[in-house]
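In what follows, a structure is listed as C-alpha coordinates, so that the remarks can point back to it.
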Amino acid sequence: MVCPLCSQRKAKRACPALGQQICAVCCGTKRLVEINCPADCVYLTAARSHPPAVVQRQQEHDRAQLLPLLAGLSERQARLFLMIGTLISRHRGEALQKLVDEDIAQAAEALAATLETAGRGIVYEHRPSTVPAERLLTELKGLVTDVTREGGSALERDAAIALRRLEAAAKERVKAQPGGHAFQQLLVRVLLAPGGPASGEQHKTATTAASSLIIPGV
(Lines give C-alpha, C1' and ligand atoms only; values in the text may rest on other atoms or scores of the structure.)
Protein backbone atom coordinates (compact mmCIF):
# COMPACT_ATOMS: atom_id res chain seq x y z
CA MET A 1 0.00 0.00 0.00
CA VAL A 2 1.37 3.40 -1.00
CA CYS A 3 1.33 6.31 1.44
CA PRO A 4 -1.66 8.56 0.60
CA LEU A 5 0.28 11.70 1.57
CA CYS A 6 3.37 11.39 -0.64
CA SER A 7 2.16 8.71 -3.10
CA GLN A 8 5.74 7.40 -3.19
CA ARG A 9 6.71 5.33 -0.17
CA LYS A 10 5.09 2.30 1.42
CA ALA A 11 2.53 3.03 4.13
CA LYS A 12 3.63 1.21 7.27
CA ARG A 13 2.39 3.33 10.19
CA ALA A 14 -1.18 3.55 11.42
CA CYS A 15 -1.99 7.25 11.78
CA PRO A 16 -4.74 7.80 14.39
CA ALA A 17 -5.36 11.35 13.15
CA LEU A 18 -6.00 10.33 9.54
CA GLY A 19 -7.43 6.90 10.22
CA GLN A 20 -5.19 5.25 7.64
CA GLN A 21 -1.67 3.98 7.06
CA ILE A 22 1.08 6.45 6.11
CA CYS A 23 4.83 6.16 5.58
CA ALA A 24 7.40 6.81 8.31
CA VAL A 25 8.84 9.83 6.49
CA CYS A 26 5.50 11.63 6.24
CA CYS A 27 4.76 10.70 9.84
CA GLY A 28 8.02 12.27 10.96
CA THR A 29 7.94 15.40 8.79
CA LYS A 30 4.24 16.27 8.72
CA ARG A 31 3.22 15.60 12.33
CA LEU A 32 1.75 18.68 14.03
CA VAL A 33 2.37 20.65 10.83
CA GLU A 34 -0.02 19.09 8.32
CA ILE A 35 -1.34 16.31 10.54
CA ASN A 36 -3.32 17.20 13.68
CA CYS A 37 -1.81 14.46 15.83
CA PRO A 38 -3.67 13.40 18.98
CA ALA A 39 -1.68 13.64 22.21
CA ASP A 40 -1.77 9.87 22.73
CA CYS A 41 -0.24 8.98 19.35
CA VAL A 42 2.51 6.47 20.10
CA TYR A 43 4.82 7.88 17.42
CA LEU A 44 4.40 11.44 18.67
CA THR A 45 4.99 10.35 22.27
CA ALA A 46 8.10 8.38 21.33
CA ALA A 47 9.53 11.27 19.32
CA ARG A 48 9.03 13.65 22.21
CA SER A 49 10.51 11.30 24.78
CA HIS A 50 13.53 10.25 22.74
CA PRO A 51 14.24 12.80 20.02
CA PRO A 52 17.05 11.76 17.67
CA ALA A 53 20.17 13.91 17.37
CA VAL A 54 18.93 15.50 14.16
CA VAL A 55 15.74 16.59 15.93
CA GLN A 56 17.71 18.02 18.84
CA ARG A 57 19.83 20.02 16.42
CA GLN A 58 16.67 21.27 14.72
CA GLN A 59 15.25 22.35 18.09
CA GLU A 60 18.42 24.28 18.90
CA HIS A 61 18.35 25.92 15.48
CA ASP A 62 14.67 26.83 15.88
CA ARG A 63 15.24 28.45 19.26
CA ALA A 64 18.14 30.40 17.81
CA GLN A 65 15.74 31.72 15.17
CA LEU A 66 12.88 32.51 17.53
CA LEU A 67 14.62 34.12 20.49
CA PRO A 68 15.92 37.14 18.51
CA LEU A 69 12.30 37.90 17.60
CA LEU A 70 11.65 38.53 21.30
CA ALA A 71 14.62 40.87 21.68
CA GLY A 72 13.62 44.32 22.88
CA LEU A 73 10.11 43.27 23.86
CA SER A 74 8.87 43.76 27.39
CA GLU A 75 7.91 40.65 29.34
CA ARG A 76 4.24 41.27 28.65
CA GLN A 77 4.84 41.88 24.96
CA ALA A 78 6.86 38.65 24.78
CA ARG A 79 4.01 36.77 26.44
CA LEU A 80 1.59 38.19 23.90
CA PHE A 81 3.94 37.32 21.04
CA LEU A 82 4.13 33.69 22.16
CA MET A 83 0.42 33.39 22.92
CA ILE A 84 -0.48 34.76 19.49
CA GLY A 85 2.25 32.63 17.92
CA THR A 86 0.78 29.54 19.56
CA LEU A 87 -2.64 30.32 18.09
CA ILE A 88 -1.07 30.74 14.65
CA SER A 89 0.78 27.45 15.01
CA ARG A 90 -2.50 25.67 15.80
CA HIS A 91 -4.48 27.30 13.01
CA ARG A 92 -5.45 24.99 10.18
CA GLY A 93 -6.66 26.42 6.89
CA GLU A 94 -9.11 24.85 4.50
CA ALA A 95 -7.95 21.93 2.36
CA LEU A 96 -8.00 23.99 -0.85
CA GLN A 97 -6.87 27.25 0.75
CA LYS A 98 -4.04 26.40 3.11
CA LEU A 99 -2.51 29.10 5.25
CA VAL A 100 0.86 30.39 4.03
CA ASP A 101 3.26 32.84 5.62
CA GLU A 102 1.97 35.74 3.53
CA ASP A 103 -1.48 35.14 5.07
CA ILE A 104 0.05 35.24 8.55
CA ALA A 105 1.77 38.53 7.74
CA GLN A 106 -1.44 40.02 6.35
CA ALA A 107 -3.59 38.94 9.31
CA ALA A 108 -1.08 40.22 11.87
CA GLU A 109 -0.65 43.48 9.96
CA ALA A 110 -4.41 44.06 9.70
CA LEU A 111 -5.08 43.49 13.40
CA ALA A 112 -2.07 45.55 14.48
CA ALA A 113 -3.23 48.42 12.26
CA THR A 114 -6.75 48.19 13.69
CA LEU A 115 -5.42 48.37 17.25
CA GLU A 116 -3.10 51.27 16.37
CA THR A 117 -5.94 53.15 14.70
CA ALA A 118 -8.16 52.60 17.74
CA GLY A 119 -5.36 53.98 19.92
CA ARG A 120 -5.65 57.23 17.98
CA GLY A 121 -9.37 57.38 18.68
CA ILE A 122 -10.46 56.15 15.25
CA VAL A 123 -12.60 53.04 14.83
CA TYR A 124 -11.65 51.35 11.58
CA GLU A 125 -11.33 47.65 10.76
CA HIS A 126 -8.32 46.92 8.57
CA ARG A 127 -8.78 43.78 6.47
CA PRO A 128 -6.38 41.39 4.73
CA SER A 129 -6.76 40.58 1.04
CA THR A 130 -6.92 36.77 1.16
CA VAL A 131 -9.54 34.41 2.53
CA PRO A 132 -7.07 32.32 4.61
CA ALA A 133 -5.72 35.53 6.18
CA GLU A 134 -9.27 36.64 6.93
CA ARG A 135 -9.99 33.35 8.71
CA LEU A 136 -6.82 33.67 10.76
CA LEU A 137 -7.63 37.30 11.54
CA THR A 138 -10.97 36.23 13.03
CA GLU A 139 -9.18 33.89 15.45
CA LEU A 140 -6.49 36.44 16.30
CA LYS A 141 -9.09 39.11 16.95
CA GLY A 142 -10.97 36.81 19.34
CA LEU A 143 -7.81 36.01 21.30
CA VAL A 144 -6.62 39.61 21.52
CA THR A 145 -10.09 40.81 22.53
CA ASP A 146 -10.23 38.28 25.36
CA VAL A 147 -6.72 39.06 26.56
CA THR A 148 -6.99 42.85 26.43
CA ARG A 149 -10.53 43.19 27.79
CA GLU A 150 -9.34 44.04 31.31
CA GLY A 151 -6.08 45.75 30.34
CA GLY A 152 -7.30 48.76 28.39
CA SER A 153 -5.36 50.71 25.79
CA ALA A 154 -1.94 49.96 27.27
CA LEU A 155 -2.38 46.23 26.73
CA GLU A 156 -3.77 46.85 23.23
CA ARG A 157 -0.61 48.78 22.41
CA ASP A 158 1.48 45.84 23.62
CA ALA A 159 -0.61 43.47 21.51
CA ALA A 160 -0.05 45.67 18.45
CA ILE A 161 3.71 45.61 19.06
CA ALA A 162 3.69 41.81 19.34
CA LEU A 163 1.63 41.52 16.15
CA ARG A 164 4.01 43.81 14.27
CA ARG A 165 6.92 41.62 15.32
CA LEU A 166 5.08 38.52 14.07
CA GLU A 167 4.21 40.33 10.84
CA ALA A 168 7.85 41.25 10.22
CA ALA A 169 9.05 37.70 10.95
CA ALA A 170 6.50 36.19 8.56
CA LYS A 171 7.43 38.67 5.83
CA GLU A 172 11.09 37.71 6.18
CA ARG A 173 10.17 34.07 5.53
CA VAL A 174 8.07 35.12 2.53
CA LYS A 175 11.11 36.80 0.97
CA ALA A 176 13.08 33.57 1.26
CA GLN A 177 10.24 31.23 0.32
CA PRO A 178 7.23 32.86 -1.41
CA GLY A 179 4.09 30.79 -1.02
CA GLY A 180 5.64 28.71 1.76
CA HIS A 181 4.77 28.13 5.37
CA ALA A 182 8.22 28.02 6.96
CA PHE A 183 7.28 30.54 9.65
CA GLN A 184 4.22 28.61 10.77
CA GLN A 185 6.30 25.42 10.81
CA LEU A 186 8.86 27.17 13.03
CA LEU A 187 6.10 28.19 15.44
CA VAL A 188 4.73 24.64 15.45
CA ARG A 189 8.09 23.08 16.22
CA VAL A 190 8.96 25.55 18.97
CA LEU A 191 5.62 26.35 20.60
CA LEU A 192 3.74 23.07 20.29
CA ALA A 193 6.61 20.83 21.34
CA PRO A 194 8.08 20.34 24.83
CA GLY A 195 11.27 22.22 25.54
CA GLY A 196 10.33 25.39 23.68
CA PRO A 197 11.57 28.82 24.75
CA ALA A 198 9.00 28.99 27.51
CA SER A 199 10.93 26.29 29.36
CA GLY A 200 14.02 28.48 29.64
CA GLU A 201 14.61 30.81 32.57
CA GLN A 202 14.50 33.97 30.47
CA HIS A 203 11.05 33.22 29.05
CA LYS A 204 9.62 30.79 31.60
CA THR A 205 6.43 32.86 32.03
CA ALA A 206 5.94 33.68 28.36
CA THR A 207 3.31 31.06 27.63
CA THR A 208 1.33 31.22 30.86
CA ALA A 209 -2.45 31.42 30.79
CA ALA A 210 -4.23 34.49 29.49
CA SER A 211 -5.43 35.31 32.99
CA SER A 212 -1.93 36.41 33.94
CA LEU A 213 -1.85 38.74 30.97
CA ILE A 214 -5.02 40.67 31.61
CA ILE A 215 -3.78 42.12 34.88
CA PRO A 216 -2.98 45.71 33.89
CA GLY A 217 -0.06 45.99 36.29
CA VAL A 218 1.78 42.90 34.99
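The values are calculated or read from the model by the stated rules, or taken from the named source; none is laboratory data. Since the structure is predicted, the reported quantities are computational estimates derived from the model, not experimental observations. Positions of Cβ are backbone-derived with ideal geometry, glycine not excepted, and every protein chain shown enters the neighbour counts.
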Here the qualifying pairs (Cβ atoms under 7 Å; residues six or more apart or on different chains; first in region 170-182 and in contact (Cβ under 8 Å) with a residue 12 or more places away in the chain; second of a type in the set (Lys, Arg) and surrounded by 16 or more Cβ atoms within 10 Å (Cβ to Cβ)) come out as GLY180/ARG173; ALA182/ARG173
Looking at this structure, is GLY142 loosely packed, with under 12 Cβ neighbours inside 10 Å, assigned by TED's automatic domain parsing to the domain that holds THR86 and at positive phi?
no
Restricting region 90-112 to residues that are among the small types (Gly, Ala, Ser) and in contact (Cβ under 8 Å) with a residue 24 or more places away in the chain, the one farthest from LEU155 (Cα to Cα) turns out to be GLY93
Single match in THR45, THR86 (criterion: β-branched (Val, Ile, Thr), within 21 Å of GLN185 (Cβ to Cβ) and surrounded by fewer than 14 Cβ atoms within 10 Å (Cβ to Cβ))
THR45
Filter region 139-158 for residues that are over 15 Å from the mean Cα position of the chain (by Cα) and part of a helix (DSSP H, G or I) and give the result.
GLY142, THR145, ASP146, VAL147, THR148, GLY152, SER153, ALA154, LEU155, GLU156, ARG157, ASP158
Can you pull out the residues in region 115-137 that are exposed (fewer than 11 other Cβ atoms within 10 Å of the Cβ) and closer than 25 Å to ARG76 by Cβ?
ARG120, GLY121, ILE122, VAL123
Can you pull out the residues in region 112-123 that are out of contact with any Lys or Arg (no Cβ under 6 Å at 6 or more places or on another chain) and at pLDDT 95 or above?
ALA113, THR114, LEU115, GLU116, THR117
List, please: which pairs have Cβ atoms under 9 Å, are six or more places apart or on different chains, and start with a residue in region 65-87 that is outside the structural domain of LEU32 (by TED's automatic domain parsing) and on the phi > 0 side of the Ramachandran plot and end with one that is at pLDDT 95 or above and crowded, with 16+ Cβ neighbours inside 10 Å?
GLY72/ARG165
Answer yes or no: is there a residue in region 88-99 that is in the same structural domain as LEU155 (by TED's automatic domain parsing), small (Gly, Ala, Ser) and modelled with pLDDT of 95 or more.
no
Check region 69-88 and report whether any residue there is among the charged types (D, E, K, R) and touching a Gly at 6+ places or on another chain (Cβ under 8 Å).
no
Conditions: (1) within 22 Å of HIS61 (Cα to Cα); (2) at pLDDT below 85. GLU172 meets all but one. Number of the miss?
(2)
Just a yes or no: is a residue in region 103-113 closer than 30 Å to CYS41 by Cα and either β-branched (Val, Ile, Thr) or in contact with a Phe, Trp or Tyr (Cβ under 9 Å, 6 or more places away or on another chain) (or both)?
yes
